[in-house]
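Every number here is computed from the coordinates shown, using simple stated rules; none is lab data. Just so you know, these numbers come straight off a predicted model, no measurement behind them. Neighbour counts are summed over all protein chains in view; Cβ atoms, including those assigned to glycine, are modelled from backbone coordinates with ideal geometry.
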Amino acid sequence: MKPQSPHPPFTAHAATPGRSSSPRSGAPSLAGRPFAGRSLAALIAFLAVAGSAAPARAEVDVVATVPALAALAKEVGGKAVRVRVLALPTQDPHFVDAKPSLVLELNKADLLIAIGLDLEVGWLPTLLTGARNPAIQRGANGYLDCSTYVPILDAPREKLDRSMGDIHPGGNPHYLYNPRGASGCAAGIAGRLAAIDPGRAGEYRANLKSFEERLHAREAAWRKELAPYKGQSVVSYHRSWTYLIDWIGLRSAGELEPKPGIPPSPRHVAQVIAAAKSAGAKVILQEAFYPDRTAKLVAAKIGATVVAPAGGPDVRAGQSYFDYMDKVVSSLAKALGR
């Protein structure tokens, strides 16, 4: 069930009580020995100091399925988390090789963050089975489906079958191209980290607040940069830009794929060219991991520019969600302004 608000309250969970400190039956006692004097007092004092200085737990191991989610986890988790990502920004997230190295990453994870809506259905279940980590299986506290924190577009109302292409039954999973989707996901991540690691709930809450303040300011700047082009038409390769088109107020002149996941056909491309010319489309949007031959052909026919960013931030190189969206927005604004 989806929460009523994209910013669910943090849930405090009581820490699991530790084992009894009573000595085991038959265990040797320090009482009555010379050690029980000043040495015992010094030992107790040392243990008290060491115990108070030790953190509640080590870094939380977080694995995200796609780069943008990994970037958000870094923002919210800060120094308290270690974040790794399964899909590269150069890979189509619908098709990721289930490599043994990814199984090992999941085996060590405390929290798995997924896009959901069956985006990862072709490869994530296999990895989860191989990982043998009950903490992050679907339904466990260590499995977070971020789609439950985001308003979803393109949810099909008719009965689906394979002839309709790769349509996601729950709706369009590419919601992170809208900053508001990123905000909802960040709130969900913060709440789940607080549940897993309650000793640092305040830290996660503070990180979330800082992120949301920066995101609000940056979103206003992005909207201002793209405001002059509101109402203009664009063509996309795959139906992955729906959320950005809706957020900015652009119009879709169609997709190069005749159906989601189906390669462009000559007949369909001719129809898109006609529709794009009629709409005055100046831009063709597609992620860089898709073949660009058809996009370049159509762009040449209609006098448009191909805008092809990576599939997400390069978190391994230190790129943030803000860095990535800066590039997407500036590239799109430049192309629309030609």
For 234-241, 264-271, ranked highest to lowest by mean beta-carbon neighbours within 10 Å, the order is 234-241, 264-271
For Lys301, counting only lysines whose alpha-carbon sits under 29 Å away and dropping same-chain residues fewer than eight positions off, the answer is Lys230, Lys259, Lys277, Lys282, Lys327, Lys334
Given 243-250, 150-157, 119-126, the highest-first ranking by average Cβ count within 10 Å works out to 243-250, 119-126, 150-157
So for R0 = 45 Å, FRET eff. of Arg338-Ala155 from the Cβ-Cβ r, to 0.05, ends up at 0.85
With +1 at each Lys and Arg Cβ and -1 at each Asp and Glu Cβ, the charge dipole magnitude of the range 134-265 around its Cα centre, to the nearest 20 debye, comes out at 220 debye
Checking rank on 294-306, 70-82, with mean other Cβ inside 10 Å and highest first, the result is 70-82, 294-306
When all Cα-Cα pair distances of the range 50-133 are considered, the percent exceeding 16 Å is 53 percent
For the range 60-221, the convex hull over Cα atoms projects on average to an area in nm² of 10.1 nm²
The Cα radius of gyration of the range 215-295, divided by 2.2 N^0.38 Å with N its residue count, comes to 1.17
